[in-house]
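The block underneath contains the structure these notes are about, expressed in structure tokens.
The values are calculated or read from the model by the stated rules, or taken from the named source; none is laboratory data. Owing to the predicted nature of the structure, the values given are computational and were not obtained by experimental measurement. Every residue, glycine as well, gets a Cβ built from its backbone with ideal geometry; the counts of neighbours run over all protein chains shown. Surface areas here come from the heavy atoms of the whole protein model, side chains and all, with no ligands, DNA or RNA. Shrake-Rupley method; radii C 1.70, N 1.55, O 1.52, S 1.80 Å.
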Amino acid sequence: MERGYYNIRDARVLMDVFAIVNPLSGAGANPGVAAARIALLNDRFVAAGVDGVVHLTERRGHAAELAAGALHAGARTVLAWGGDGTINEVGTVLAATGTALGIVPAGSGNGFAGELGVPWEPRAAIDTVIHGRDRLVDAGELDGRLFFNIAGIGFDAVVAEQFNLHGTLGKRGMGPYVRIGIRETFRYQAATYRVTLDGEEIVSHALVIAFANGREYGNRIRVAPQALVDDGKLEAVVMEDRGPLSRLWAGRHLALGTAHKAARILLRTIESARVETDGEILYHLDGEIGRARGAVTVRIRPRVLKVRVP
């Protein structure tokens, strides 16, 4: 049998659920987590009387490859068990196909799953994938790549990049985010950007430029409390840079969900944007890192992804 492939019935027939499991998300370095997740999925599939297969991811980008295989196999639903990055990989492949994405959250933030009301307890989340209802949601697109929760340029991209590096050592959870965030608060050097939001042009020496489809990064850190995943709009957040202590003070608004009360912050509801700067642009899409030179464009892709929700 192919490594990372486990089936409870013949995978060559049309299946109900094709499960893609990131064995590292939320697991640290615990080698027993993968086997436990496989066993739980197979148990719930049998209990519900559905045809299901389970694959484990083995590297970054593998979830997208497996999702493409799921479409080729004719899966009705593709289940992604992992964090926002795993969900982004799978959702990007499923977008505009009509195949439903099911989520079992296991990341450090789980912002997109929280936005959709998906249970955090794995058994309940799996049962939602099997028995829930379908909902169409929007996606954002930055530099030609999709995001379903939040994309960011600047400080939050640097934090995401550093966090992903720590993840290779099994150091996950909210703790590393906090430590990296505090460290970068005193180290990060902001850049000057030319930002066009639905035709409105501004120049900002920005700490953060975020485009939000969902409200929060995860763990109730809400950068865009007014965002809706199915309104055909993105919430743009441009926060002007400030000194380290002022950065910490302004950051409390994210924890409180009151970003609109922070000083020197611009909030706009938009459909498209362009961000330009001299040099490289480091960005993240649902926590996954990308780079561009000089400029990136942003737009909304309305009702492009079908997701399974309670």
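Among the candidates 279, 251, single out the residue that is modelled with pLDDT under 95, of a type outside the set (Val, Ile, Thr) and not in a strand (DSSP E or B).
After ruling out the rest, the residue left standing is 251.
Take the residues of the range 223-242 that are of a type in the set (Val, Ile, Thr) and touching a helix residue (DSSP H, G or I) at 6+ places or on another chain (Cβ under 8 Å): which is nearest to residue 300 (Cα to Cα)?
Looking at the filtered set, the residue picked out is 229.
Just to be sure, is residue 50 surrounded by 15 or more Cβ atoms within 10 Å (Cβ to Cβ), in a loop (DSSP other than H, G, I, E, B) and at pLDDT 90 or above?
When the stated conditions are applied, residue 50 passes them.
Listed here are the residues, each with its yes/no results for (1) open to solvent by less than 10 Å² (accessible area, probe 1.4 Å); (2) modelled with pLDDT under 90.
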{"residue": "186", "(1), (2)": "no, yes"}
{"residue": "196", "(1), (2)": "no, no"}
{"residue": "201", "(1), (2)": "no, no"}
{"residue": "204", "(1), (2)": "yes, no"}
{"residue": "210", "(1), (2)": "yes, no"}
{"residue": "220", "(1), (2)": "no, yes"}
{"residue": "237", "(1), (2)": "yes, no"}
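Specify which of the listed residues (242, 247) is touching a Lys or Arg at 6+ places or on another chain (Cβ under 9 Å) and open to solvent by 20 Å² or more (accessible area, probe 1.4 Å).
Unique residue meeting the criteria: 242.
When you go through 113, 106, 124 one by one, which is the residue that is surrounded by fewer than 24 Cβ atoms within 10 Å (Cβ to Cβ) and small (Gly, Ala, Ser)?
124
Residue-wise test of (1) closer than 21 Å to residue 254 by Cβ; (2) in contact (Cβ under 8 Å) with a residue 40 or more places away in the chain.
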position	(1), (2)
64	no, no
73	no, yes
85	yes, yes
90	no, yes
96	no, yes
101	no, yes
106	no, yes
118	no, yes
127	no, yes
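Can residue 266 be described as more than 24 Å from residue 97 (Cα to Cα), within 20 Å of the chain's Cα centre (by Cα), open to solvent by less than 60 Å² (accessible area, probe 1.4 Å) and modelled with pLDDT under 95?
For residue 266, the condition - more than 24 Å from residue 97 (Cα to Cα), within 20 Å of the chain's Cα centre (by Cα), open to solvent by less than 60 Å² (accessible area, probe 1.4 Å) and modelled with pLDDT under 95 - is not met.
What are the residues in the range 250-263 that are among the hydrophobic types (A, V, I, L, M, F, W, C) and open to solvent by 30 Å² or more (accessible area, probe 1.4 Å), if any?
Matches in the range 250-263: 254, 255, 256, 263.
Given the criteria of a type in the set (A, V, I, L, M), assigned to a strand (DSSP E or B) and under 27 Å from residue 150 (Cβ atoms), does residue 80 qualify?
Yes.
Return the only residue of 132, 140 being within 21 Å of residue 61 (Cβ to Cβ) and in contact (Cβ under 8 Å) with a residue 24 or more places away in the chain.
Among 132, 140, only 140 is within 21 Å of residue 61 (Cβ to Cβ) and in contact (Cβ under 8 Å) with a residue 24 or more places away in the chain.
All but one of (1) small (Gly, Ala, Ser); (2) free of Cβ contacts under 8 Å to residues at least 40 places away in the same chain; (3) touching a Lys or Arg at 6+ places or on another chain (Cβ under 9 Å); (4) over 21 Å from residue 158 (Cβ atoms) hold for residue 295; state the number of the condition that does not hold.
Among (1) small (Gly, Ala, Ser); (2) free of Cβ contacts under 8 Å to residues at least 40 places away in the same chain; (3) touching a Lys or Arg at 6+ places or on another chain (Cβ under 9 Å); (4) over 21 Å from residue 158 (Cβ atoms), residue 295 violates only (4).
Among the residues of the range 258-276, which ones are under 18 Å from residue 228 (Cα atoms) and either without any contact (Cβ under 8 Å) to a residue 40 or more places away in the chain or not in a strand (DSSP E or B) (or both)?
Hits for the range 258-276 are 258, 259, 260, 271.
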